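Chemist: I am attaching a structure below and will ask some questions about it afterwards.
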Amino acid sequence: MATGASNASLALILIDARNGVLIQTKRHSFISSLLGIRNFVVAVNKMDLVDYSEDVFEDIVNDFNSFAGKLSGESIYYIPISALKGDNIIERSENMPWYKGSTLLDYLENVNVSGRLNLNDFRFPVQYVNWGGGDFRGYCGTVASGVVHKGDSVRVLPSGKTSQISRIVTYDADLDYAFAPMAVTLCLEDDIDLSRGDMIARADDLPAISGSLEANVVWMDSEPMNIRKDYLIKHTTSTVKGNFEEVLHEFDPDDISMKDSDFLSLNEIGKVRLELKKPIFADIYSENRNTGSFIVIDPLTNRTAAAGMITRYSQVSPDKACKDVTAKVIRYPGDKMQEAQERYDHLSMHGTHCIYVDDDLLQETICKNIPVDSEQYSEAIEDLCKIVTRSGVSVVVCSDYLNS
């Protein structure tokens with residue numbers, strides 16, 4: 001179910017009118033929500049067995065609504081149907097004149113499910129290197145997200161080397177551009193050694209390079225999770241070893257509450273902390289579903305043990321992972337402290353190595369007893385920024401006294 005939902009734009013939730021909303025209904029709806037589905041159709045089936053009762057339908061709608069309010073931003077459409085009798089499947093039912101909405105087929109044909117693909121952040125996991133003879137060297141794969149044009153400046157991970165797209169090759173002809181989810185072969189202006197699992201991204205828009213993740217996980221194996229056991233983590237075209245450090249909490253599908261747990265078992269859902277033996281090139285799942293998801297494989301049985309959605313990561317230090325990535329000083333005036341703190345929180349949550357400083361913190365520490373309007377105060381801030389950024393860490397500084 002999780003595998004199918006990860007590629008879907010709409011979830012059709014089928015409820016037996018005789019039984020109402022069950023735990024299984026809530027579990028499937030919660031998994032669909034975790035996997036980023038925002039369009040739900042709740043089809044209340046077997047209405048013929050409850051005499052096409054409007055009251056039964058409304059009770060189920062109210063029950064599901066009270067649960068769905070705990071999910072995030074879903075569009076929910078309710079349809080009473082009888083699959084056996086054909087009521088409200090293709091044509092409107094004469095047995096339920098009280099229902100004024102669309103039939104199931106009409107709704108599915110007309111619902112707007114656009115906006116699912118990320119066409120902003122270009123990500124191209126390399127699947128295969130094609131040596132086509134002569135001087136030809138192309139990198140084959142599927143555009144995971146974004147758009148790429150011939151001539152675009154790109155950066156190759158993990159080496160950090162930069163180049164430009166010289167050709168976008170397909171079986172039929174070369175293209176001027178390609179977009180997700182097209183399968184293409186990219187050629188670069190420069191000879192750069194790449195292999196399966198490497199990634200090509202836009203030079204000024206890179207994924208995180210991370211070996212420490214937090215993720216929502218749906219456990220799919222009959223064998224329970226084994227903390228600290230080595231599993232195989234398949235992410236895009238890369239497969240690395242990793243282990244679960246801890247279960248941060250388990251979700252109760254009945255009310256989406258969180259509870260303590262030491263491990264996950266079959267069909268259980270939880271948030272975990274995962275450590276990888278080798279960094280991957282990842283994004284947050286809510287921003288990029290292809291580079292923000294992974295599957296967990298048991299190396300002993302080769303069974304798929306779990307599906308995961310990345311919610312947070314700790315980025316490998318840029319000077320170790322990609323020498324061309326440089327740290328920055330991000331300046332805010334002194335009266336924009338809340339905006340500065342929100343920016344710092346956003347960067348930290350997405351794995352960027354950074355620190356936050358403001359005038360209050362500076363005056364309590366390195367600028368203690370230094371007048372804020374003095375040249376010495378400004379120079380102290382500048383020196384701090386230089387020291388921190390040279391170590392590969394960005395600085396969010398909120399002050400009216402930083403000269404440059």
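The values are calculated or read from the model by the stated rules, or taken from the named source; none is laboratory data. Everything numeric here is computed off the predicted structure, so don't read it as measured data. Note: ideal-geometry Cβ built from the backbone for every residue, glycine included; neighbour counts use all protein chains shown.
Chemist: Kindly indicate whether ILE269 is in contact with a Phe, Trp or Tyr (Cβ under 9 Å, 6 or more places away or on another chain), surrounded by 20 or more Cβ atoms within 10 Å (Cβ to Cβ) and under 17 Å from LEU157 (Cβ atoms).
Modeler: No; evaluated as a whole, the condition is false for this residue.
Chemist: Looking at the stretch 58-85, which of its residues are assigned to a loop (DSSP other than H, G, I, E, B), surrounded by 13 or more Cβ atoms within 10 Å (Cβ to Cβ) and modelled with pLDDT of 90 or more?
Modeler: Across the stretch 58-85, the qualifying residues are ILE81, ALA83, LYS85.
Results for (1) of a type outside the set (Val, Ile, Thr); (2) in contact with a Pro (Cβ under 8 Å, 6 or more places away or on another chain); (3) under 29 Å from ASN290 (Cα atoms), shown as yes or no for each residue.
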position: VAL21; (1), (2), (3): no, no, no
position: GLN24; (1), (2), (3): yes, no, yes
position: ASP51; (1), (2), (3): yes, no, no
position: ASN62; (1), (2), (3): yes, no, no
position: GLU91; (1), (2), (3): yes, no, no
position: VAL111; (1), (2), (3): no, no, yes
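Conditions (1) in contact with a Lys or Arg (Cβ under 7 Å, 6 or more places away or on another chain); (2) under 16 Å from ILE269 (Cβ atoms); (3) surrounded by 18 or more Cβ atoms within 10 Å (Cβ to Cβ), marked per residue:
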position	(1), (2), (3)
ALA8	no, no, no
LEU14	no, no, no
ASN19	no, no, no
GLN24	no, yes, no
ARG27	no, yes, yes
PHE30	no, yes, yes
LEU34	no, yes, yes
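Chemist: Yes or no: the stretch 304-313 includes at least one residue that is within 23 Å of ASP345 (Cβ to Cβ) and either part of a loop (DSSP other than H, G, I, E, B) or touching a Lys or Arg at 6+ places or on another chain (Cβ under 6 Å) (or both).
Modeler: no
Chemist: Another question about this same structure. Please determine whether any residue of the stretch 217-233 is within 30 Å of SER163 (Cα to Cα), crowded, with 22+ Cβ neighbours inside 10 Å and modelled with pLDDT of 90 or more.
Modeler: The answer is yes; a qualifying residue exists.
Chemist: With the checklist (1) within 26 Å of SER9 (Cα to Cα); (2) buried (at least 20 other Cβ atoms within 10 Å of the Cβ) in hand, flag the one item LEU274 doesn't pass.
Modeler: LEU274 satisfies all of (1) within 26 Å of SER9 (Cα to Cα); (2) buried (at least 20 other Cβ atoms within 10 Å of the Cβ) except (1).
Chemist: Take the residues in the stretch 121-140 that are within 21 Å of ASP204 (Cβ to Cβ) and under 21 Å from the mean Cα position of the chain (by Cα); name whichever of them is surrounded by the fewest Cβ atoms within 10 Å (Cβ to Cβ).
Modeler: For the stretch 121-140, the residue satisfying everything is ASP121.
Chemist: What number of residues in the stretch 336-352 are of a type in the set (D, E, K, R) and modelled with pLDDT of 90 or more?
Modeler: Count: 2.
Chemist: Collect the residues in the stretch 173-196 that are part of a loop (DSSP other than H, G, I, E, B) and of a type outside the set (A, V, I, L, M), keeping them in residue-number order.
Modeler: ASP176, PRO181, GLU189, ASP190, ASP191, ASP193, SER195, ARG196 - these are the residues of the stretch 173-196 that are part of a loop (DSSP other than H, G, I, E, B) and of a type outside the set (A, V, I, L, M).
Chemist: Only residues that are at negative phi and not in a helix (DSSP H, G or I): list them for the stretch 26-57, please.
Modeler: Of everything in the stretch 26-57, those that are at negative phi and not in a helix (DSSP H, G or I) turn out to be LEU35, ILE37, ARG38, ASN39, PHE40, VAL41, VAL42, ALA43, VAL44, ASN45, SER53.
Chemist: Considering only the stretch 170-200, state which residues are at pLDDT 90 or above, of a type in the set (Gly, Ala, Ser) and within 16 Å of GLY132 (Cα to Cα).
Modeler: ALA173
Chemist: Would you call ILE284 assigned to a loop (DSSP other than H, G, I, E, B), hydrophobic (A, V, I, L, M, F, W, C) and under 27 Å from SER195 (Cβ atoms)?
Modeler: Yes; evaluated as a whole, the condition is true for this residue.
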